[in-house]
Amino acid sequence: MVTCDAPEPGPARSDPGRLHEPEAVAHRLLGVPFATLDGPAKNVARHVAQRRHIARNLAVDPDTLPASRGQRAADAVARFGGSWTFVGLFATTMVLWVVLNAAYGSPRATRSTRTPTSC
């Protein structure tokens, strides 16, 4: 039976001075030796051990940064694609397409449906 007060075995509990070493963090939090971790996991273990933030500076609002040419083009396409002008043009085009196909359908569509193998 394990109680909450029972100390965990390993270097992290036995040597409090090692709490801020990546090896101790890897052993205590991940349960594996630091040497067996891949690059990103080692980076995280180092940041945790040094108590450094690993994320970008969230104090900078990305909306205040200048937009790139691609972002401006995407915004322009989204503005037009989500407008009532686009919806009206699309609906008109589709109605016109249906009317033209009904009135002047393909000549093959009006012919007999015989296939080359039928008599």
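What follows is calculated from the coordinates using simple rules that are stated; it is not laboratory data. Here the structure is a predicted model, which is why all the values come from computation and not from measurement. We place every Cβ from the backbone using ideal geometry, glycine too, and count neighbours over all the protein chains shown.
The three principal axes of the Cα atoms in segment 67-110 give end-to-end lengths of 54, 21, 8 Å, sorted in falling order. Multiply the residue gap between residue 91 and residue 29 by 0.36 nm, knock off their C-alpha separation, and tell me the result in nm, one decimal place. 16.5 nm is the gain from fully extending residue 91 to residue 29.
A simple rule links phi to the HN-Hα coupling: the Karplus curve 6.51 cos²θ - 1.76 cosθ + 1.60 with θ = phi - 60°, which for segment 90-104 gives 5, 5, 4, 4, 5, 5, 4, 4, 5, 4, 5, 5, 6, 7, 10 Hz, with x for Gly and Pro.
For segment 15-109, the set of chymotrypsin sites (Phe, Trp or Tyr not before Pro) satisfying both a DSSP loop assignment and a count of at most 11 other C-beta atoms within 10 Å is given as 104.
Treating r as the C-beta distance of residue 83 and residue 61 and R0 as 30 Å, the FRET efficiency rounds to 0.65. Sort segment 32-71 into rounded, prolate or oblate with this rule: let a ≥ b ≥ c be the square roots of the eigenvalues of the Cα gyration tensor; rounded if a/c is under 1.5, and if a/c is not under 1.5, prolate when a/b is larger than b/c, oblate otherwise. It comes out oblate by the Cα gyration axes. With the simple model of a label 7 Å out from the Cα in the direction of the Cβ, residue 50 to residue 72 spans 3.8 nm.
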